[in-house]
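Okay, so here's the structure we're looking at.
FYI, it's all coordinate maths here, none of it is from the lab. Note that the structure is a prediction, hence the values are computed from the model and not measured. Reconstructed Cβ throughout: ideal geometry from the backbone, glycine too, with neighbour counts over all protein chains shown.
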Amino acid sequence: MATPFTLKKELCDIGKLLYKSGMLAGSDGNISAKLDDDRIMVTPSGAAKGRMNPDDLVIVDQNGKHLQGVQKASSELLMHLEVYKNRPDIGACVHSHAPYATSFAVAGIELAGDILPEVVLFIGGIPLTDYAPPGTDAVPKSIEPHLDGNNAFLLRNHGLLTIGHTLEEAYNRHEIVEHYAKIVHLSRQLGNINAIPSDDFKRLEKMRTRLDDAWNGNK
């Protein structure tokens, strides 16, 4: 596991990347990462993620109890805790209001998972959740049915959530899904979207499963 110092810096760097890429505005979004099996580092409530300092970050236990930090943890902490509770293999969560992905979530349109090979291999399915008022326990309840086997989630009328074994992987998946949503949006304007042939789709899914198994076997 990363040390608190290195993880704080990495988490702040991810916040800056999200802001510079236009996936966040103002105090949008939240990011978290596991320090170890008992402690989780999370962004503070109301903070502009593109202008955070390491000292702004908050550390809580796996039940959400405040352990360290001057500020209060993100109002979406329950969503992050739900991920870690149900997916012990996951080490980080990234949530933003990425424009293209969020547009699909607002329109209630699912992002099909069989269009780009890179998405099949590195992301998998991207389920669209039921609507849940932000900051309430309805949010973790809305993602819970989809957590098994999925790494990205369109939060209806809310935004995008991606998860990963590491903070870098969770962020990379965020970039991939947003770029994918843009490609799908443009393809829909052109009037035609071709799916990957079913035999290659199955091959790519098996490759992703092997990658996950290899990661979990090396922990």
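Annotation: amide H-H contacts under 5 Å for LEU67 (H modelled 1.01 Å from N, sequence separation of 5 or more, or interchain): ILE59, VAL60, ASP61.
Extension gain for the segment LYS206 to SER75, taken as residue separation times 0.36 nm less the Cα-Cα distance, is 43.5 nm to one decimal.
Ellipsoid semi-axes for the stretch 37-93, based on the Cα gyration tensor and the rule √(5λ), read 19, 12, 10 Å when sorted largest first.
Net charge of the neighbourhood of PRO197, taken over other residues with C-beta under 14 Å away and scored Lys/Arg +1, Asp/Glu -1, is -2. Based on Cα contacts under 8 Å between residues 6+ apart, the stretch 87-219 shows a relative contact order of 34 percent.
As a ratio to 2.2 N^0.38 Å, the alpha-carbon radius of gyration computed for the stretch 1-66 takes the value 1.07. In summary, the helical segments of the chain meeting the span-like criteria, namely a full DSSP H run, a Cα extent along the axis of 20 angstrom or more and a mean Kyte-Doolittle hydropathy of at least -0.5, are 4-20. The fewest-to-most ranking of HIS174, HIS97, HIS179 by surrounding Cβ atoms within 10 Å reads HIS179, HIS97, HIS174. Setting aside same-chain residues fewer than 8 positions from LYS8, which lysines have a Cα under 30 Å from its Cα? Within the straight-line limit of under 30 Å, LYS8 reaches these lysines: LYS16, LYS20, LYS34, LYS49, LYS65, LYS72, LYS85, LYS141, LYS219. One decimal place: the segment ASN157-TYR131 gains 8.7 nm when fully extended, by the rule 0.36 nm per residue minus the C-alpha distance.
For the chain, adding -39500 (n - 2.57) for each run of n ≥ 4 DSSP H residues and dividing by the number of residues yields -13500 deg cm²/dmol at 222 nm.
Along its first, second and third principal axes, ordered by size, the chain spans 51, 39, 30 Å in Cα coordinates.
Between ALA107 and PHE5, residue separation times 0.36 nm minus the direct Cα-Cα distance comes to 32.7 nm.
Determine the dipole magnitude for the stretch 1-125: charges of +1 sit on the beta-carbon of Lys and Arg, -1 on that of Asp and Glu, nothing else is charged, the reference point is the Cα centre, and the result goes in debye to the nearest 20. Provide the component values of the computation, followed by the final result.
Values: 12 positive and 15 negative charges, 85 e Å.
Approximately 400 debye in magnitude.
Model label sites at ASN86 and HIS66, defined 7 Å from Cα along the beta-carbon direction, differ in position by 2.8 nm.
Each principal axis of the stretch 47-136 carries a Cα extent, and these read 44, 27, 25 Å when sorted largest first. Charge tally for ASN86 (other residues, Cβ to Cβ under 13 Å; Lys, Arg +1; Asp, Glu -1): -1. Annotation: peptides 160-173, 5-18, ranked by per-residue average of other Cβ atoms within 10 Å with the highest first, follow the order 160-173, 5-18.
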